[in-house]
1. With the structure loaded, tell me whether PRO284 is under 19 Å from PHE156 (Cβ atoms), within 16 Å of the ligand (Cβ to nearest atom) and either basic (Lys, Arg) or modelled with pLDDT of 95 or more (or both) or whether it fails that test.
2. Give me the residue from the stretch 286-301 that is of a type outside the set (A, V, I, L, M, F, W, C) and crowded, with 18+ Cβ neighbours inside 10 Å and, out of that set, nearest to CYS241 (Cα to Cα).
3. Out of VAL311, VAL382, report the one residue that is over 19 Å from the mean Cα position of the chain (by Cα) and either β-branched (Val, Ile, Thr) or in the same structural domain as VAL154 (by TED's automatic domain parsing) (or both).
4. So which of THR43, THR66 is away from the ligand (no atom under 16 Å from the Cβ) and not small (Gly, Ala, Ser)?
5. Could you list, in sequence order, all residues of the stretch 28-47 that are over 17 Å from ASN314 (Cβ atoms) and at pLDDT 90 or above?
6. Contact list please: Cβ distance under 8 Å, first residue in the stretch 125-136 and under 12 Å from ILE104 (Cα atoms), second residue more than 11 Å from the ligand (Cβ to nearest atom) and in a helix (DSSP H, G or I), pairs at least six apart or on different chains.
7. Among the residues of the stretch 258-277, is there at least one that is crowded, with 24+ Cβ neighbours inside 10 Å, assigned to a helix (DSSP H, G or I) and within 16 Å of the ligand (Cβ to nearest atom)?
8. Does LEU218 fit the bill of being farther than 22 Å from ARG89 by Cβ, touching a residue at least 40 places away in the same chain (Cβ under 8 Å) and touching a helix residue (DSSP H, G or I) at 6+ places or on another chain (Cβ under 8 Å)?
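The values are calculated or read from the model by the stated rules, or taken from the named source; none is laboratory data. Everything numeric in this text was worked out from a predicted model, so none of it was measured. We place every Cβ from the backbone using ideal geometry, glycine too, and count neighbours over all the protein chains shown.
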Amino acid sequence: MLTNLTAQPADKILELVGMYRADPRDNKIDLGVGVYKDAEGKTPVMRAVKAAEKQLWETETSKSYTSLAGEPAFHDAMIDLVLGTSVERDRIAAAATPGGTGAIRQAMELVKLANPDATIWLSNPTWPNHPSIIKFLGLPMREYRYFDSETRAVDFEGMAQDLAEAKEGDIVLLHGCCHNPTGANLTLPEWAEVISILQETGATPLIDIAYQGFGDGLEDDAAGVRMVASEMPECLIAASCSKNFGVYRERTGILMAISEKADNTEVAQGTLAFLNRQNFSFPPDHGARLVTMILTDPALRADWQAELEEVRLNMLALREQLAAELQALTGSDRFGFLAQHRGMFSRLGTSPDKVLALREKHGIYMVGDSRLNIAGLNKNSVSILAKAIVDVGI
Ligand code: PLP
């Protein structure tokens, strides 16, 4: 039986990690995988996470099962973080999932149950795991235009034209903030226009929010999601705690399903629990418990927010430095988009051969589509990258 297996396509980003590790050069720079790194290149455990872990170790008396959808206190804390008061609580069903990826997967499973003929609309480009999961589940998908490779901003006209073709019941996957891989994001008036298109077509939004707090701050990053959730009858939201709490390996995420009327919430809640049971039974608890403790304890929360803000401002400063150094080296503003983009990533918008030249000649690793992880830089390596970009003729 096992001999029937054929090799699956390798994950390009994880493949890049392997290549970087195998590179013997001391001065190599990793701008590939989407993990936050500080100035020393470390991905630290956040202070509030450490403090919550200590408290948990001292107070936890059992590791017995929780509930299939995870702890209600986790749901409440995350709903508050992502949605604030934008939606009535009794319209929201929620389930803890293994990371944001788990939430996206469960959202797709839910779509498959509710409307297997729905087409899932994805931005071009998007996080490669989106189409990969959809293809694996055998759901129909289509792309909408998103990124203008000339301006490196959102091609909103193209996006609006394409989304107008969505059919009633289709699902439109939107990045809540800090678009991966481009770094180009919708403005609030553009979010409002997307909502009008969704309302006209009868399509349902699925929002993937994996970087809340990495762009313009916790509240601003959630503004688009909140606008959609408050104005659309139905909405699915997949949120990840991996990045903003730095709990990547704990696999902490949540799927929220907002029904038009509160009397549907019980069935939606039961379905989320059922789907968890079919796929992995109980969701991981450790990370969810830490997140709940942090969000509900004022001192832990204040410290987490302060550290998250440091992380955000650090990335913003690196963006500004890189744009300024490139401006000085090239005498042009064509890299100004790096300071306009938000989140951990920017797409340089160059060809694969230039990306290869950066790797081979300069030991600078980024994804083949020219996505670079800003957090992989520090004050010194920004200059090295800027010179290398000019050297390979980008
Ligand atoms: N969505 C996007 C756009 C991402 O970039 C990621 C992680 O890279 C995720 C979701 C899910 O992250 P995780 O499953 O690690 O929580």
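1. Numbers: under 19 Å from PHE156 (Cβ atoms): no; within 16 Å of the ligand (Cβ to nearest atom): yes; either basic (Lys, Arg) or modelled with pLDDT of 95 or more (or both): yes.
Against the criterion (under 19 Å from PHE156 (Cβ atoms), within 16 Å of the ligand (Cβ to nearest atom) and either basic (Lys, Arg) or modelled with pLDDT of 95 or more (or both)), PRO284 does not qualify.
2. Residues of the stretch 286-301 that are of a type outside the set (A, V, I, L, M, F, W, C), as a first pass: 286-287, 289, 292, 296-298, 301.
Filter again for crowded, with 18+ Cβ neighbours inside 10 Å, leaving 287, 289, 292.
Numbers: GLY287: 8, ARG289: 12, THR292: 11 Å.
Among those residues, the one meeting the criterion is GLY287.
3. Working: VAL311 fails: over 19 Å from the mean Cα position of the chain (by Cα).
It is VAL382.
4. Numbers: THR43 fails: away from the ligand (no atom under 16 Å from the Cβ).
The conditions single out THR66.
5. Looking only at the stretch 28-47, we keep the residues that are over 17 Å from ASN314 (Cβ atoms), and these are 28, 32-33.
Once the filter is applied, which keeps residues that are over 17 Å from ASN314 (Cβ atoms) and at pLDDT 90 or above, the stretch 28-47 yields LYS28, GLY32.
6. ILE133/MET108; ILE134/MET108
7. Here is the first cut: in the stretch 258-277, the residues crowded, with 24+ Cβ neighbours inside 10 Å are 258, 272, 276.
Now drop any that are not assigned to a helix (DSSP H, G or I), which leaves 272, 276.
Within this subset, residues satisfying the condition of being within 16 Å of the ligand (Cβ to nearest atom) are 276.
Yes, there is a match, as at least one residue in the stretch 258-277 is crowded, with 24+ Cβ neighbours inside 10 Å, assigned to a helix (DSSP H, G or I) and within 16 Å of the ligand (Cβ to nearest atom).
8. Working: farther than 22 Å from ARG89 by Cβ: no; touching a residue at least 40 places away in the same chain (Cβ under 8 Å): yes; touching a helix residue (DSSP H, G or I) at 6+ places or on another chain (Cβ under 8 Å): yes.
The answer is no for LEU218.
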